[in-house]
Structure formats: structure tokens, C-alpha cells
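Quick notes on the structure that follows.
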Amino acid sequence: MDKLITFAVPCYNSAAYMDHCVETLLEGGDDIEIILVDDGSTKDDTPAICDRWAERYPDIIRAVHQPNGGHGEGVNQGLRRARGLYYKVVDSDDWLNADALHKVMGKLREFAKMPESVDLVIANYVYEHVEDNTQKVMRYTNVFPENKIFTWNDIGRFRASQYLLMHSVIYRTEMLRACGLELPKHTFYVDNIFVYQPLPAVKTMYYMDVDLYRYFIGRADQSVNEKVMVGRVDQQVRVTRLMIEAHNLRQVRAANPKLGRYMRNYLAMMMTISSIFLIIDGSPEALGKKTELWEYLRAVDAGLYHKLKYRAVSFVGNIPGYQGRKLSVSLYRMARKIYKFN
């Protein structure tokens with residue numbers, strides 16, 4: 001590894017905003033590598049912009065052009081080519097805070113000198129809401145110890161609205177490769193797999209209470225927009241099924257009880273999101289798919305099915321009857337308004 005960290009930036013018709021993203025990453029200095037993955041862009045100058053950045057900073061930036069494979073294949077492509085000790089994905093419409101990045105880079109340099117580098121570094125992220133120009137910081141001071149290397153045995157409890165997202169994680173590159181991470185092509189919402197499937201392979205962690213990642217949210221065409229999510233609900237369901245298949249959570253919990261509990265809660269959240277958007281769709285076909293998803297979980301792990309279906313989070317998507325489905329959607333929209341997660 002000849003770089004401290006690789007930033008993979010999947011780019012798809014990103015010309016309007018990707019320059020700002022790259023400029024903030026360059027604050028990391030010569031120790032970084034930036035891989036701009038042009039995912040078959042055809043509607044704007046994204047391919048040429050990627051090439052221009054690579055020509056301008058040949059020792060730091062590489063441009064990769066691939067046939068359209070979706071966000072997940074952009075992440076895969078970056079991981080295959082990464083030369084950094086650590087690996088972080090940054091979406092092309094997001095950016096990093098310079099002061100926080102300098103602090104993170106300093107800590108990564110310390111880890112690079114250790115006989116065994118830390119597997120996972122965690123930092124805060126900030127929702128940057130475009131529609132009302134507000135910010136919401138998501139931090140983990142209630143969950144993780146600060147200023148020390150720790151394991152899953154040392155973590156506290158996550159709040160109901162608190163999860164590790166792609167925005168908050170920096171993985172050790174070789175750990176990601178060793179655990180066999182490969183995201184599916186042509187599928188949205190694969191960032192959920194990215195922050196779920198590798199976790200049992202993580203042995204050591206470090207948390208920094210710095211607001212590193214700025215998550216731009218609120219554009220009408222974003223994948224987390226409600227109307228968009230309803231239209232792509234089949235892909236949400238596909239990702240949830242892949243997460244069900246990824247691990248035997250009983251085995252995970254036997255080895256790491258706190259990690260097992262967290263992963264179970266994350267899967268419950270994913271089951272709820274899939275259920276809610278199938279309910280919002282409202283067609284008989286969609287409601288049938290909701291039943292099929294829960295029956296699939298029952299077939300894979302009946303015990304987990306019963307634990308998840310009647311938990312508080314999951315029950316929101318399983319209130320019976322027509323009025324129950326209306327209540328489910330109302331509760332979801334109330335939570336969205338309070339927590340502003342999309």
C-alpha cells in the first residue's frame with residue numbers, strides 16, 4: 001500500500017457538482033488517492049472532467065471509465081484498484097470538511113505505523129438539507145469510546161434512529177477485500193450492504209468525534225427521495241434479501257453479542273423500510289411482495305422472523321388492515337419529518 005487512504009468517488013452524470021467534492025478531498029494532501037469512477041456517463045461532461053482531474057494530479061487522482069454498472073459497481077471498481085491502507089467511498093454530490101479531514105489523516109498516520117492497523121475508523125456525518133438550508137449532525141458519542149482503540153465488546157447502545165452509514169465509515173482496505181465484499185450491479189441502496197456485510201470481520205475500531213462527511217440531501221432526483229424510493233422498491237427489497245442471506249445472526253451474536261444485537265436492529269430497520277414503501281405503493285402486487293419478503297425471512301430463520309416482526313421498529317410496517325397500513329405510512333412520514341433522514 002503506497003497511499004494512506006483511497007477515496008472512491010462513483011460519478012454518474014455528475015458534472016454539476018463533482019468538482020467541489022474533489023476539491024475537498026484534495027485537502028488530504030499527498031498521502032491520499034482519489035479514484036474517480038465514471039459509471040458510463042453520457043448526459044454531461046463527467047468523463048472529460050474525470051480525465052482533466054487525473055491529468056492535473058497524476059500522482060493522486062486516477063480516472064476509471066466503465067460501462068454503466070450502478071453505484072455498487074463503482075464501489076467495487078474502486079476497491080479492486082485501491083492502493084490506500086484505508087478505503088472510503090464519497091458520493092460525487094457530497095464533500096468532506098477540511099479541518100475534520102486533517103484530523104482524520106493525522107490519526108490514520110498513527111495507525112499506519114502500528115504492527116496491525118485498526119480495521120474501522122468511524123467519524124460523524126452531517127445532513128446538509130438543500131430544501132431548507134439546515135444541518136443535522138449525526139454523532140456516536142453515546143455508542144463508542146473516544147480516544148482509544150476498542151472492540152465490539154466495548155460499545156454502548158445505538159439509539160433507534162442511529163446507525164453506521166457509508167458516510168461515517170473508513171475501512172481498512174485489505175479487511176474489506178478479505179471479507180469478500182462485492183456489491184451487486186445495477187442496484188440502488190447497496191450502501192446498506194457496505195455497512196452491514198463486513199462488520200463481523202471488523203476486530204478493532206476507533207471513533208473520532210469530528211464532523212467529517214457532508215451528506216447533501218433534498219434533491220428531487222436523489223435515490224432517497226420518497227417518490228424515487230417507491231419507484232425503486234424492488235431494488236430495496238433485493239438489497240434486504242441479500243442482507244438476510246449475508247450472515248447467520250445467531251452465530252454472529254454468539255461470537256459478539258453487542259454486534260449481533262446491532263446487526264439485528266439494522267436488519268429490522270431494512271425490513272421496515274421495504275415494508276413501508278411497498279405499502280405506499282399500495283398495489284396488490286406490492287402488498288404481495290411485502291408478504292413474500294417476510295415469508296422469505298421466516299424460511300431462512302424462523303426465530304429471527306418472530307423477533308423482528310413484532311419489534312417496535314418492524315411493527316410499524318406490519319400493522320394489520322387497511323387502516324393499519326395508513327397508520328404505518330403516517331408514522332413513517334412523522335419520523336421522516338422529525339429525523340429528516342430523506
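So which helices (runs of 4 or more DSSP H) stay within region 269-342 end to end and still have 2 or more residues that are modelled with pLDDT of 65 or more? Counting at least 2 such residues, we get 284-300, 302-309, 321-339.
Is it true that some residue in region 169-188 is open to solvent by less than 10 Å² (accessible area, probe 1.4 Å), of a type outside the set (Val, Ile, Thr) and out of contact with any helix residue (DSSP H, G or I) (no Cβ under 7 Å at 6 or more places or on another chain)? The answer is yes, given that some residue of region 169-188 is open to solvent by less than 10 Å² (accessible area, probe 1.4 Å), of a type outside the set (Val, Ile, Thr) and out of contact with any helix residue (DSSP H, G or I) (no Cβ under 7 Å at 6 or more places or on another chain).
Among the residues of region 225-244, at least one is among the polar types (S, T, N, Q), at pLDDT below 90 and under 25 Å from ASP94 (Cβ atoms). Among the conditions (1) in a loop (DSSP other than H, G, I, E, B); (2) of a type in the set (A, V, I, L, M, F, W, C); (3) buried (at least 23 other Cβ atoms within 10 Å of the Cβ), the only one that ILE5 does not satisfy is (1). PHE111 meets each of the listed conditions (1) open to solvent by 10 Å² or more (accessible area, probe 1.4 Å); (2) more than 18 Å from the chain's Cα centre (by Cα) apart from (1). Is it the case that LEU4 is touching a residue at least 60 places away in the same chain (Cβ under 8 Å) and in contact with a Lys or Arg (Cβ under 7 Å, 6 or more places away or on another chain)? Considered against the rule, which asks whether it is touching a residue at least 60 places away in the same chain (Cβ under 8 Å) and in contact with a Lys or Arg (Cβ under 7 Å, 6 or more places away or on another chain), LEU4 comes out as yes. Scanning for something closer than 29 Å to ASN124 by Cα and crowded, with 21+ Cβ neighbours inside 10 Å, does region 282-290 turn up at least one residue? No; the residues of region 282-290 include none that is closer than 29 Å to ASN124 by Cα and crowded, with 21+ Cβ neighbours inside 10 Å. Answer yes or no: is there a residue in region 210-227 that is open to solvent by 10 Å² or more (accessible area, probe 1.4 Å), in a helix (DSSP H, G or I), on the phi < 0 side of the Ramachandran plot and not aromatic (Phe, Trp, Tyr). Yes, some residue in region 210-227 is open to solvent by 10 Å² or more (accessible area, probe 1.4 Å), in a helix (DSSP H, G or I), on the phi < 0 side of the Ramachandran plot and not aromatic (Phe, Trp, Tyr). Give GLU27, GLU73, GLU55 a once-over and let me know the one that is open to solvent by 10 Å² or more (accessible area, probe 1.4 Å), assigned to a helix (DSSP H, G or I), acidic (Asp, Glu) and without any contact (Cβ under 8 Å) to a residue 12 or more places away in the chain. Only one candidate qualifies: GLU55.
Residues in region 151-160 include at least one that is surrounded by fewer than 15 Cβ atoms within 10 Å (Cβ to Cβ), among the aliphatic types (A, V, I, L, M) and in contact (Cβ under 8 Å) with a residue 12 or more places away in the chain.
The values are calculated or read from the model by the stated rules, or taken from the named source; none is laboratory data. What you are looking at is a predicted structure, and each value in this text was computed from that prediction instead of being measured. Cβ coordinates were reconstructed from backbone atoms using ideal geometry, including for glycine residues, and neighbour counts include every protein chain displayed. What goes into the accessible areas is simple: the full protein's heavy atoms, side chains included, and nothing from ligands, DNA or RNA. Shrake-Rupley method; radii C 1.70, N 1.55, O 1.52, S 1.80 Å.
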